[in-house]
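Trainee: The structure is given below, and queries will be raised subsequently.
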Amino acid sequence: MGFGHSHSKKKNQLRRVRSASKAAQHNLAHQEGKDHHDALGHEWQPGVHHHSDKPGAHSPLHAPPHGSNYPPFPNLPSSHHPHSGHPEGYPWPVVKHPEYGDAGHVPPGHPHPEVFDPAIRQGAWAKYREAELGSKGWKEEVERCLEYGLEAAPSIKDRTISTFARGELPHFAGINTFIKSHYLEDVNKVSQYEAAIIGVPFDIGTTYRSGTRFGPQGIRRISALYGTYNYELGVDLRESLKICDLGDVFAIANIEKGFDQISKAVAHVRSKGVFPIMLGGDHSIGYPNVRGIAPYIDGPVGIIHIDRHVDTQETDMDERMHTTPWFHATNIPNAPPVNLVQLGIGGWQAPRPGVKVGRSRGTTVLTIEDIENIGVEKAAEIALDIAWKGAKAVYLSFDVDSLDSGFVPGTGWPEPGGFLPREVLKLLRLVAREGLCGMEVVEVAPSYDPSDMTALVGTRGIMDVLATLVNEGHIGHKPPTQLPPPPYWPARKTKKKTKPRR
């Protein structure tokens with residue numbers, strides 16, 4: 001018998017109490033069901049968790065280690081916990097129902113109503129996770145701001161504020177690096193960090209609308225809108241990750257020379273064991289990015305490519321353009337095409353030469369309709385299985401035009417019918433769970449981007465991936481927790497035999 005109803009002894013009639021949200025209703029249920037609720041472990045007092053931690057009150061299998069008022073869920077009203085010995089009842093010792101026979105028996109037509117239980121919801125978990133994240137990084141930032149930006153005027157009561165803006169706040173001020181992270185002028189010191197932003201302002205591989213050379217600026221500008229803390233994911237990147245912004249690659253206005261510059265920049269970061277995040281730029285940079293990473297992976301590299309376009313033809317207009325990166329990337333000896341997975345492909349912008357290459361090389365393609373039919377979680381599972389098969393690392397390429405053009409107008413090849421923002425963000429988080437060796441966000445063109453909507457999607461994608469990598473222990477430092485696993489994370493199908501590398 002779970003809270004949400006009580007049994008009346010008079011004429012075997014039922015009396016239903018609907019909600020656990022009001023103390024009065026809760027109290028009434030207990031007053032009218034003393035034969036059940038006075039049993040050991042079922043005492044109730046206003047403002048105290050439904051189950052006391054008196055000796056013997058908990059089942060040995062389910063007793064919380066620190067008492068019933070220990071976080072994550074102290075002082076809740078009541079919960080409708082499942083238990084194998086009592087259908088939809090409590091996970092505590094079963095109690096006899098005098099009128100209805102043995103424990104677990106309920107009268108016909110007396111269903112157990114579903115009761116909202118905040119204890120198993122993301123909102124409750126995240127509230128208590130925030131308390132565990134610490135504030136060392138924030139305190140260090142305040143000290144740095146005061147040291148480098150002068151103390152505020154005497155009239156300012158908040159003495160954490162500096163005279164010159166040198167940190168996250170105010171969001172509208174300061175010189176924009178990615179999420180106001182540290183600008184590392186001396187790239188030789190990149191090994192002191194765990195992740196590094198690399199701007200790649202390169203768009204001469206564009207075949208229609210140019211302007212993605214300003215993508216890194218657009219992404220950095222709107223990233224100032226964000227803090228470093230995400231409520232749902234329970235991560236504060238300021239506290240958990242040493243991240244810097246290296247500025248931009250000096251991208252030569254020549255395709256091959258530009259590729260060489262990009263590969264050298266990416267290789268410099270990857271060779272130091274630092275996670276590289278490239279801000280494009282058009283999608284042609286996918287090839288030099290992978291070319292810069294692959295030599296530092298001691299085995300095959302898989303590629304997960306989220307896009308509306310296949311980008312696998314050999315040349316376009318006699319050059320290696322943004323329609324060609326995966327033809328050339330999968331020519332790299334340790335980046336085989338069988339480990340290339342392309343998600344979201346379709347529409348009227350998939351050149352047939354690229355389709356022929358994918359067919360001949362055995363790449364894997366899931367269209368938007370495929371993903372709609374099987375679901376985002378299943379699509380991510382397929383992508384991980386294929387990209388990681390025999391591989392030592394996986395690279396992630398996120399093209400913002402994979403979303404429906406109504407959400408990302410600021411791109412060179414907008415196409416209706418793509419992902420919704422929630423879908424693509426979930427997909428990014430899922431594929432990042434097994435670890436990545438690097439990632440890119442490409443095709444942000446600010447000149448077509450009203451209100452920075454497209455750049456904001458690119459920023460959010462990077463942030464969610466980094467938070468996931470932290471939560472899964474692949475990068476940075478995850479603060480210790482005494483909470484249960486987040487209730488909203490899907491279970492993995494199997495554990496990978498090969499340990500992912502950053």
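Trainee: What residues qualify as long-range amide H neighbours of Gly302, i.e. H under 5 Å apart, gap of 5 or more or another chain, H built at 1.01 Å from N?
Mentor: Here the answer is Lys392, Ala393, Val394, Tyr395, since their amide H atoms fall under 5 Å of that of Gly302.
Trainee: Say the dipole of the stretch 212-286 comes from +1 at the beta carbon of Lys and Arg and -1 at that of Asp and Glu; which of Gly215, Ser271, Leu225 then lies farthest toward its positive end?
Mentor: Ser271
Trainee: Can you tell me how much longer the chain between Glu185 and Ser271 gets when fully stretched, taken as 0.36 nm per residue apart minus their C-alpha distance, in nm with one decimal?
Mentor: 29.1 nm
Trainee: Could you sort 120-133, 416-429 so that the peptide with the highest average Cβ count within 10 Å comes first and the rest follow in order?
Mentor: Peptide ranking by packing, descending: 416-429, 120-133.
Trainee: Give me the extension gain from Ser360 to Tyr208: residue separation times 0.36 nm, minus the current Cα-Cα distance, reported in nm with one decimal.
Mentor: So the chain would gain 52.0 nm between Ser360 and Tyr208.
Trainee: Okay, moving on. Less than 12 Å Cβ to Cβ from Gly354, Lys/Arg counted +1 and Asp/Glu -1: what total charge do the surrounding residues give?
Mentor: 0
Trainee: Once R0 is set to 25 Å, what does the formula 1/(1 + (r/R0)^6) return for the Cβ-Cβ distance between Ile120 and Lys378, expressed as a FRET efficiency to the nearest 0.05?
Mentor: E between Ile120 and Lys378, to the nearest 0.05, is 0.60.
Trainee: Find the relative contact order for the stretch 299-403 and round it to a whole percent, using C-alpha pairs within less than 8 Å whose residues are 6+ positions apart.
Mentor: Across the stretch 299-403, relative contact order equals 42 percent.
Trainee: Could I ask something else about it? Listed highest first by mean packing, meaning other Cβ atoms within 10 Å per residue, what order do 386-395, 252-261, 349-358 come in?
Mentor: Sorting 386-395, 252-261, 349-358 by mean packing, highest first, produces 386-395, 349-358, 252-261.
Trainee: Any chance you could run the full-extension gain for Tyr231 through Tyr448? It's 0.36 nm times the residue separation minus the Cα-Cα distance, nm to one decimal.
Mentor: 75.0 nm
Trainee: By average Cβ neighbour count within 10 Å, what is the ranking of 441-450, 317-326, 454-463, 184-193 from highest down?
Mentor: The most tightly packed comes first, giving 454-463, 441-450, 317-326, 184-193.
Trainee: Same structure, new question: So how strong a dipole does the stretch 365-429 carry about its Cα centre when Lys and Arg Cβ are +1 and Asp and Glu Cβ are -1, to the nearest 20 debye?
Mentor: 380 debye
Trainee: What does the accessible area per residue of the stretch 116-261 come to in Å², with a 1.4 Å probe and no ligands, DNA or RNA counted?
Mentor: Counting only protein heavy atoms, the per-residue value for the stretch 116-261 is 55 Å².
The values are calculated or read from the model by the stated rules, or taken from the named source; none is laboratory data. Fair warning: this is a prediction, and the values are worked out from it, not measured in the lab. Ideal geometry is used to build each Cβ from the backbone, glycine not excepted, and the neighbour counts take in all protein chains shown. Note: accessible area is taken over every heavy atom of the protein model, side chains too, but ligands, DNA and RNA are not part of it. Shrake-Rupley method; radii C 1.70, N 1.55, O 1.52, S 1.80 Å.
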